[in-house]
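The block underneath contains the structure these notes are about, expressed in structure tokens.
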């Protein structure tokens, strides 16, 4: 032990930052591991881009190639010529994501804040009221009835927004965040200054809890952007179909036709309406692009939020 | 906990109250139908769910349709289209939750007809047909109504179209001509061999025998459940259900398939190919098998862009599957079942209405070129409907390249059909559903590779039979036999 | 009674804050709960809608449950759900902590950031999209994987109908999608470790490896425990998209891809077995409930603030 310490000390005098850093060899290995994994994470997307740029006829003979023998922009032309379907789907998704995230942030933040307040008399009741919803669910059909029939939201953009607006799990995360990172004294001083609860919340609490809010906001943004299920249930109007659901529909129609390929009527009628392989991949690319561009920005806040809030040392 | 339990029971109470209100609405509407509504002055609204990619102009066309139907029967029509792949799932949820609807598309391959009829999703139509559907009954082939009975009752109106199923061999005529082959003697699977052999030798880059994983060699049996090996021989007298894998016909067919596979007539990946549309586009195939209808060759040739011909591979047989291919049912929760029946009656007998539903508005989507002929206009791309799912096909106007005698040929074809012995017998799998699921799994394992000749039937056929029996096929067959015997006695066969 | 109103009045602002959420929970969570009685009924449609159908359907007691557990299905879906989640938890923990440590040790911070950005991508994609990605690799006649196998003279494999590969495929796909995210969580925790600890260790002459073993990992232990326990609490719930979209709903694969969530979904949407499906859902809720309670209790013992309730 003494020996190593001595040699280490000797080294340290020569290379003063030795302890901070791993050796160049290990650095290389670590870089390789992290680099390869990062590449593996990005590669499928690149591959799908390549497929979407492949000539359809080449695809039939040589399959999905990394370097196809013939490139083509046909798929994208097909999509843009086939009308405004994709554009509309984009619009729906963006609208739903924006409004949805705003609404759910407000609802979750308010609820979580109230149940985090020790002076709130009914805090236990409302905490349990929220938590119980995480444990049981009534199932799809009763939910469908409430949304479609009782609330009458069928074929309305609200059917895509409201079912995802609240989430007990996020409420609990945010509650923990408030109760650990917002000192009671701050609220008390606000009260002494004569500010009302809402004023305290918006003027003092919100600025303090931005990272936490950003994290929850990102979760719900993702939830809205990637949701296809509510559209499957509640949307018949082709003008209100969001992006993911559109992709999903194409896929399930393909499967339906394959399963019924012996039925001449169905295959003849349905085949015409389906885009080809490359066009489908092009749609995947177009549906992913906004995320690709936007997520590095998300990521920054995300890491901040995680460092400061949801994760406590 | 006591507190929240109390709250919970409160919620339940509120719910019950709500459901009363909700059901009250439905009930009230139904009663009102008999009191003054449903006249041209005060039409009722019929909601109609159908399958297919939603079309832009549906609402425009339906408002035109509604004008017509308001005058004729005092009802307006709202059509909701649900995309192919979503139809089954969405209808399941909507029907279960009692979503208001009057008419819906059902078939053996999309929102299963028999299963849902038994579950009570559809209204039983026997008396409604007698009262409001007399014209319809006279118009469509009686075999349709007879064949689509479930447990002795009608639950849906089948579309009048091709009635029997007939298998044909299809040929890529260009290749047949090029290599001077003769298809006139072709009928059985064995009779294909000289053709396959020739093409394999002379044009090795052609797939001689195109097929996908759903291919099953034709044997003269009718399946009790589609794609499961329980079947009854077509010329049966004792109505015995057999395992089709154990029949000499299937054994022989599979041996032939194996021979073809080993000779390279079949693509090596046939057992896993989902679709042969690639081959269709490239034209690199010699023959395959398909279901036909009159003038199918013309349709196939037109859609592939090169001539396709066909010769029969089986007799035309009327089966449950062919009868239940496209039907319209009235929902069990329909507010206006009588009006819905009147509408179905009109749709299946009135050419003006039927063609409006099918092709859209005259002058916008199509032009009439003769009494029973039409020509699509560019706008028709916004209203491109699957004709087969929308009622009586034989009322449809002809397209420019349809022959004059199109529907006569269909009638002749329909008359040529022979009833399957088990037509209108519908197996009720409820008591054996767990066995059935297991059988289904075994099928997924063995079926495609056996049927396409990918594996040797000498070793794999006995294995498959044993696996099926282990999974409980015996029990399922026994149950089916009991039901069939009871059905036979009841129907005096 | 007067006290009650006084309390209400005193808390009215906070009550107002929970109001929207409470209404939401009532409509979207509690009201549908009454639908679970279907599990004890033989469901038949009635013309007056779902509640009336339930009301008029015949009580069958525990028949739906008996039936569910008499088939192999109950065993298969329970086994699949538990084993997959277990694999996800263990492998996910090991790999993401490893990756977090690797990322924290990289000399070049810029590169480290770049890697993180790459790794984070899959987390943002929907399962629909991931399903397409996977298909481009595994398609029988066109996929990349079969082409690569072809270079080595291996015959093409029909991935979507050979069950034996799928446990690996699903685990890899799940790890691929989630590790990037969870390793960033751990990385954040590592960066939050007090620097003076390392300095002290260096003065004592501890090597980098010793530092990792003696400081980094022990400091990560609480958060590792909590993340794991939270995951254990949800072990009875599977990620629907992963098990439904990625295997493309292929029937041959059900033996290894069917989990409770997909079973409930198919029961409802495809086969129309509403009663059975509700029974499976209730079974999941109850076992899941017990597991959540237990793991929350354990979390509470470890770190009171991290407990959910």
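Tabulated results
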| read-out | value |
| --- | --- |
| Dimensionless Rg over Rh [the range B:170-226; C-alpha; Kirkwood] | 1.04 |
| Calculated on alpha-carbon atoms, Rg and Dmax of the range B:343-429 in Å | 16.1, 51 |
| Max mean-square fluctuation residue, GNM over chain C, Cα-Cα springs under 10 Å, options C:211, C:116, C:284 | C:211 |
| Per residue Cα convex hull volume in Å³ - calculated over the range C:170-297 | 123 Å³ |
| The protein assembly as shown - share of DSSP beta bridges that are antiparallel (%, nearest 5) | 65 percent |
| Scattering profile of chain C at q = 0.09, 0.14, 0.15 Å⁻¹ [log10 I(q)/I(0), Debye over alpha-carbon scatterers] | -0.68, -1.22, -1.28 |
| Cα shape, the range C:121-216, gyration tensor, a/c 1.5 rule | prolate |
| Förster radius 25 Å - calculated FRET efficiency between residue C:114 and residue C:209 (Cβ-Cβ, nearest 0.05) | 0.45 |
| Cα long-axis angle, helix B:473-491 against chain B (0 to 90 degrees, to the nearest 10) | 60 degrees |
| Chain B - share of DSSP beta bridges that are antiparallel (%, nearest 5) | 65 percent |
| Pairwise label distance in nanometres, residue A:106 with residue C:86, each label 7 Å out on the Cα-Cβ vector | 4.7 nm |
| Rg to Rh, two decimals, where the range B:348-493 supplies the alpha carbon set and Rh follows Kirkwood | 1.19 |
| GNM result for chain C, Cα springs below 10 Å: residue of C:251, C:150, C:281 fluctuating most strongly | C:150 |
| Overall dimensions of chain B by Cα: Rg and Dmax, Å | 25.4, 88 |
| Cα-based convex hull, the range C:183-258, per residue volume (Å³, whole number) | 121 Å³ |
| Nearest 10 degrees, 0 to 90: helix B:337-347 Cα axis against chain B principal axis | 50 degrees |
| Amide N of the range C:78-102 lying under 15 Å from the label point, which is placed 7 angstrom from the Cα of residue C:228 along Cα→Cβ | C:86-98 |
| With Cα atoms, 0 to 90° folded angle of helix B:87-96 axis to chain B main axis | 40 degrees |
| Residue exposure sequence - B:349, B:39 - by fewest surrounding Cβ within 10 Å | B:39, B:349 |
| Highest-fluctuation residue, C:282, C:229, C:125 considered, GNM on chain C with Cα pairs under 10 Å | C:125 |
| Rounded, prolate or oblate (a/c below 1.5 giving rounded, otherwise prolate when a/b exceeds b/c) for the range B:189-267 by Cα gyration tensor | prolate |
| Computed lengthening from residue B:474 to residue B:491, 0.36 nm per intervening residue step minus Cα-Cα distance | 3.6 nm |
| In nm, spacing of pseudo-spin labels at residue B:135 and residue B:39 (7 Å Cα→C-beta vector) | 2.1 nm |
| Pairwise label distance in nanometres, residue A:118 with residue B:404, each label 7 Å out on the Cα-Cβ vector | 9.7 nm |
| log10 of Debye I(q)/I(0), alpha-carbon scatterers only, for the protein assembly as shown at 0.08 Å⁻¹ | -0.95 |
| Förster radius 25 Å - calculated FRET efficiency between residue C:42 and residue C:293 (Cβ-Cβ, nearest 0.05) | 0.20 |
| Average beta carbon contacts from partner chains per residue of C:254-262, 10 Å cutoff | 1 |
| Stokes-Einstein D for the range A:57-150, Kirkwood Rh over Cα pairs, 4 °C, 1.567 mPa s (µm²/s) | 68 µm²/s |
| Once the Cα gyration tensor of the range B:188-325 is diagonalised, semi-axes √(5λ) in Å | 28, 19, 13 |
| Two-decimal Rg to Rh for the range B:110-164 - Kirkwood Rh, Cα set | 0.95 |
| Cβ-Cβ FRET estimate between residue B:368 and residue A:237, R0 fixed at 35 Å, reported to 0.05 | 0.65 |
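Throughout, read-outs are computed from the coordinates displayed, never taken from laboratory work. The shown structure was predicted, so the numbers you read here are calculated from the model rather than taken from an experiment. Every residue, glycine as well, gets a Cβ built from its backbone with ideal geometry; the counts of neighbours run over all protein chains shown.
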